[in-house]
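Beneath this line is the structure, given in structure tokens, with notes to follow.
The values are calculated or read from the model by the stated rules, or taken from the named source; none is laboratory data. Values in this document were obtained by computation on a predicted structure and should not be read as measured data. Positions of Cβ are backbone-derived with ideal geometry, glycine not excepted, and every protein chain shown enters the neighbour counts. We work out accessible area using only protein heavy atoms, side chains counted, and drop any ligands, DNA or RNA first. Shrake-Rupley method; radii C 1.70, N 1.55, O 1.52, S 1.80 Å.
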Amino acid sequence: MKVKRYIASTSREAMRQVKEELGDNAVILSNRKTRDGVEIMALADSEMSNLVPSQPLPASHSVSAAYYEQNKKLTKELGSVESYAELLAVTNDQEDVRKTTNDAITASFARDIIAEIQAMKSALEDQLNTVAWGNFTQRSPEKLKLLRTLLDSGFSPLLSRRLVEKLTTELDYESSLKQAMSALVSNLHTVVNDEIIEKGGIYALIGPTGVGKTTTTAKLAARCVIRHGADRVALLTTDSYRIGGHEQLRIYGRLLGIPVRTIKDTEDLQLTLSELRNKHMVLIDTVGMSQRDQMLAEQITMLSNCGADVKRLLILSAASNGKTLDEVVSAYQKSGIYGCIITKVDEAANLGVALDTVIRKKLVLHYVANGQKVPEDIHAANPRYLLHRVFKPTPSDLAFTLQDAEFALVMATKKSSEMAQFGEKSSAGFLHD
């Protein structure tokens, strides 16, 4: 590319030199006043044309073509320029265009380079993880077998890997499994008796739609009636949205001999709780809301600003997948959770998924529920029994069982992404010896 430099006493004279040598379509690259006169840097149209591809340009280079066309247009306009002031105004505009163009190209190239570096980094991490995984399978076949057992039982790759890493080396599979179960028991925080029923208080059952809040409310109320009498228990519901939503709880209330009151807003809740302050237990059945529902914040605000100590019990469905449970806990945990209850145990293919969430999120598990019967189908959480049930051998489902090659690929590629998501400190925090 040959850039020509022209100097003359006036801009008109400099432009005449440009046109004589490079033609009317010459591209002006710069124009400035110097001690020697007016300096113009120009380029022949043919030279610039060689830089612009005939094929459609990618988005990152389209701005170059735009600048070229703009430059040609401005150069043609210079033929009618009558004074240096006009020429300077035109070329200043051109300079702004060129600067904007260069900035855009630089930013585009920088993004492309960063994307390529990230892709190379990801590919390198995958390769290193694959190599490390291959070494692990050869070095610790018993731990590999245990890791597969944990994953097949519903535990997440993150918790499973963290657990296996903390196990004593040189153990056979059976000993490793016992050590893993012992570690899980110590990390599964439970209340093994009817602490809620004995202590009493005000409890709001919260959680997404369809997890069994109303039925669980009735089960807890029934246990309290058996222990303390119907006159010591009160039932409230904020569910006035669903058609007949509060009627289900009213039916349970009639069977238990407990009146059910419907709450409309924060003021109504405050007045009602003040009237019921002598009750041993008050249970509040709330409206089921998605963890992504914007009205969730309003519900939490109502429970927080009612002038009483309302303890929130989060209801988790054992039939939900791990990602959904993580979202639910994250959404409700922001405002504080007293404890949780796992429902629909009878509907879940594996209880390990729900227990994994409880352990990683450091929740306190009070009860598990496994049916619709009131009050029979609710039980105090016993960690050893629950984990024994998780690891009880069951017929494998080939549709959801990873083959050896698939298993190695999944574990090798998931490690870096999970550690980036939770962080090394976080992963170490939810599992202790």
For the subset of segment 260-296 comprising residues that are among the aliphatic types (A, V, I, L, M) and in a loop (DSSP other than H, G, I, E, B), which member is most open to solvent (accessible area, probe 1.4 Å)? Met295
Taking segment 201-236 on its own, how many of its residues are among the charged types (D, E, K, R) and part of a strand (DSSP E or B)? 0
Which of (1) open to solvent by 40 Å² or more (accessible area, probe 1.4 Å); (2) farther than 13 Å from Ala221 by Cβ does Leu255 not meet, given it meets every other one? (2)
Limited to segment 156-186, what total is found for residues that are in contact with a Ser or Thr (Cβ under 9 Å, 6 or more places away or on another chain) and part of a loop (DSSP other than H, G, I, E, B)? 4
Note on segment 277-333: residues under 20 Å from Thr190 (Cα atoms) and of a type in the set (Ser, Thr, Tyr) are Ser317, Ser330, Tyr332
Mind checking which residues of segment 254-281 are of a type in the set (S, T, N, Q) and out of contact with any strand residue (DSSP E or B) (no Cβ under 9 Å at 6 or more places or on another chain)? Thr266, Gln270, Ser274, Asn278
Over segment 162-190, the set of residues open to solvent by less than 20 Å² (accessible area, probe 1.4 Å) and either under 30 Å from Leu220 (Cβ atoms) or within 27 Å of the chain's Cα centre (by Cα) (or both) is Leu163, Val164, Leu184, Asn187, Leu188
Filter result for Ser304 (surrounded by fewer than 17 Cβ atoms within 10 Å (Cβ to Cβ), under 18 Å from Thr214 (Cβ atoms) and modelled with pLDDT under 90): no
